[in-house]
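The values are calculated or read from the model by the stated rules, or taken from the named source; none is laboratory data. Note that the structure is predicted; figures quoted are calculated from it, not measured. All Cβ positions, even for glycine, are placed from backbone atoms using ideal geometry, and neighbour counts span all protein chains on display.
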Amino acid sequence: MKTKKLILILIAGILFTSSNSMPLANAANTSLTITVPSAPRGNECTIKATLKDENGNPLQNMDIRFLICGTETIGTNRTDSNGVASLEFTLPDRLDPFETLKTGETTKTGTYKINAVFSGTTNYAQSSSEDVYIAYVFIDYTPYIVGCGILAVAIIGVVGYIGFRRRKLAKC
């Protein structure tokens with residue numbers, strides 16, 4: 001008798017403290033699709049996820065969680081009457097702070113995986129979807145700065161040489 005009570009208390013505790021509803025074994029299947037437009041770094045884009053039941057009907061007022069690279073939550077939104085949850089998002093400046101450019105490379109593009117997750121409810125099973133976001137990560141101005149520096153040194157050298165020659169000729 002004590003074991004049955006303990007098991008019931010544990011199950012009740014798990015259900016009570018769970019932040020997401022646990023889907024039932026006979027919950028209806030769902031499908032989630034995500035659309036992520038490609039946009040350059042610094043531009044905001046709208047990520048859209050569409051949630052439908054197994055009959056293709058849109059599911060309204062369901063929480064969709066959006067993640068970047070499958071691990072970092074970037075936002076949550078509820079589906080509208082069309083089953084669509086939207087999120088405005090701007091990519092960070094760089095993919096990897098330790099990433100370096102290859103020699104001669106001035107623009108680095110990279111991809112982010114954006115995920116949408118529906119955790120499920122007691123009536124609807126969980127589902128998820130993934131898309132790729134192409135981003136212009138950063139521009140390396142080093143080749144231009146070095147080139148301008150060399151040009152500046154060359155100009156200063158020529159002007160200095162001309163000035164030196166004029167002074168020398170003026171003394172004669």
Scanning the stretch 27-57 residue by residue, the ones that are outside any strand (DSSP E or B) and modelled with pLDDT of 75 or more total 8
Scanning the stretch 58-81 for residues that are of a type in the set (A, V, I, L, M, F, W, C) and either closer than 16 Å to Ser31 by Cβ or assigned to a loop (DSSP other than H, G, I, E, B) (or both) gives Leu59, Met62, Ile64, Cys69
Residue under question is Gly110, and the condition is that it be in the same structural domain as Thr30 (by TED's automatic domain parsing), at pLDDT 65 or above, surrounded by fewer than 18 Cβ atoms within 10 Å (Cβ to Cβ) and at positive phi; does it hold? no
Within the stretch 113-154, the residues that are at pLDDT 85 or above and more than 30 Å from Gly83 (Cβ to Cβ) are none
